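S.K.: Right, I'll just put the structure down here and ask away after.
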């Protein structure tokens, strides 16, 4: 198995990956709260972790990838009341919209996309146990996690606990023993609610992922991921509960991607620069958006701008142009081989992704292969072994990147038509070659 390294937020260092079970990877990534259309920034972790999963599978790992859907929240309740609908109607609609975006971005289906409402009994039992072991307490029907019982609190996010206590970032709540304590079960007067020994209400956000991970994976996992904005308080509070319940960090490796700017500015409703994912996909296409989201170090802020979109379009044009030419050579020379594994052409790409998942460097490596392939295609006496290597190398790189580029095996009639075109060109029969060329364009062969 290829050695890979990536940055572990928990330890603040780049570490060599060692899975819990040899040859297997368990990975959980926090998904959306489904009360509105996802914006383009919401798609960065989705596309990044999908690509990471594809890479892990390519190098031989069996990956069990789970990403949840938060379908109970005050924002959902309020939206349902505003629109005179049930919470289920709201969440069902936006879950469908979310998955439409994922399909358009060529995101592979996860092992599971669990919904919070399907785990309510387990969530209530989990909270009850936290109360029983004195890691949580009840006040006026609401349940809070007692952060004072976790001596390691802040270890994941590296937050300054003292400054949080005195600062404005901790929401004031007179029911809490400590300003850092967080809500596990909330009393709700309106909207959907569940009955518990404490009160009728709904769960706090931070417990849901812990329960889903426990239930689906049956223990500690290899990788927990999400956006950088989730490190605190969400992921820190997940770790606190896992420490109390199981005396572990929930995951051995924590990976967080950075956020997105729009033309150099932070995306926000107040600035009026929020771009919905579906609108961006409709305007630029799924492959262009996907490549734009990937073509930067994942721990750095990416900029969504005319320039970055133009760069992605340029890369895709280079890739699709050379790939189509290689594909034709594969057909003409009967080079297709399902068992073929590229070695030389893809090695630089895999090296880049093995070194802290540097997809941007991987794309640079892919561009070098495109350049070499173009040189070979222009050579009079083509080296067919190189043609084959470049073709399958680019096929596999595009697949790992999640781009919708596929090999096309021409039918006998189409192959004959293309060969007739080559013969007409060779014979300088320009009238015939132009006629055949138009037919090939109409069939999208050229």
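S.K.: Label-point separation (nm) for residue 324 and residue 339, each offset 7 Å from Cα along Cα-to-Cβ?
M.R.: Between residue 324 and residue 339, the simple spin-label model gives 3.3 nm.
S.K.: Roughly what angle does helix 384-401 make with the longest principal axis of the chain, taking Cα atoms, 0 to 90 degrees, to the nearest 10?
M.R.: The helix 384-401 is inclined about 20 degrees to the chain.
S.K.: Moving on. Order these peptides, 1-12, 199-210, by their mean beta-carbon neighbour count within 10 angstrom, highest first.
M.R.: On the way: 1-12: 15.6, 199-210: 22.2.
Output ranking for 1-12, 199-210: 199-210, 1-12.
S.K.: Let me ask something else about it. Pop the C-beta distance of residue 259 and residue 432 into the FRET formula with R0 = 56 Å and round what comes out to the nearest 0.05. Let's see the in-between values first.
M.R.: Values: r = 56 Å, r/R0 = 1.01.
For R0 = 56 Å, the calculated efficiency reads 0.50.
S.K.: Also, quick follow-up: Cα axis of helix 120-132 to longest principal axis of the chain: angle in degrees, 0 to 90, nearest 10?
M.R.: With rounding to tens, the tilt is 50 degrees.
S.K.: Considering Cα pairs under 8 angstrom that are at least six residues apart, work out the relative contact order of the chain and quote it in whole percent. If you can, show how the numbers build up before the last one.
M.R.: Details: 654 pairs, mean separation 76.5, N = 446.
After rounding, I find 17 percent.
S.K.: What order do you get for 45-53, 228-236 when each peptide is scored by the mean count of other beta carbon atoms within 10 Å, highest first? Don't skip to the end; give the middle numbers.
M.R.: Values: 45-53: 24.8, 228-236: 19.0.
For the peptides 45-53, 228-236, the packing ranking is 45-53, 228-236.
S.K.: Tilt of helix 430-442 relative to the longest C-alpha principal axis of the chain, in degrees (0 to 90, nearest 10)?
M.R.: Result, in degrees: 20.
S.K.: Evaluate E = 1/(1 + (r/R0)^6) for residue 446 and residue 378, where r is the Cβ-Cβ distance and R0 equals 22 Å; express this FRET efficiency to the nearest 0.05.
M.R.: Values: r = 17 Å, r/R0 = 0.75.
The calculated FRET efficiency here is 0.85.
S.K.: If you build a Gaussian network model of the chain, linking Cα atoms that sit under 10 Å apart, which residue out of 357, 301, 289 swings the most?
M.R.: 301
S.K.: How high is the relative contact order of region 228-341, in percent, counting Cα pairs under 8 Å that sit 6 or more residues apart? Present the calculation step by step, with values, prior to reporting the outcome.
M.R.: Working: 71 pairs, mean separation 26.5, N = 114.
Over region 228-341, the number comes to 23 percent.
S.K.: Which of the peptides 332-344, 378-390, 273-285 is most tightly packed, and how do the rest follow, judged by the mean count of other Cβ atoms within 10 Å per residue? Could you put the intermediate results ahead of the total?
M.R.: Details: 332-344: 11.6, 378-390: 14.2, 273-285: 16.6.
The most tightly packed comes first, giving 273-285, 378-390, 332-344.
S.K.: Using the basic label-point model (7 angstrom from Cα toward the beta carbon), what is the residue 148 to residue 300 distance in nanometres?
M.R.: Using points 7 Å along Cα→Cβ, the separation is 4.6 nm.
S.K.: Using 7 Å Cα-to-Cβ label points, what is the residue 175/residue 408 separation (nm, one decimal)?
M.R.: Rounded to a tenth, the inter-label distance reads 6.1 nm.
Laboratory data are not the source of any read-out in this text; all were calculated from the coordinates shown. Keep in mind that what you see is a predicted model, and the values were worked out from it rather than measured. We place every Cβ from the backbone using ideal geometry, glycine too, and count neighbours over all the protein chains shown.
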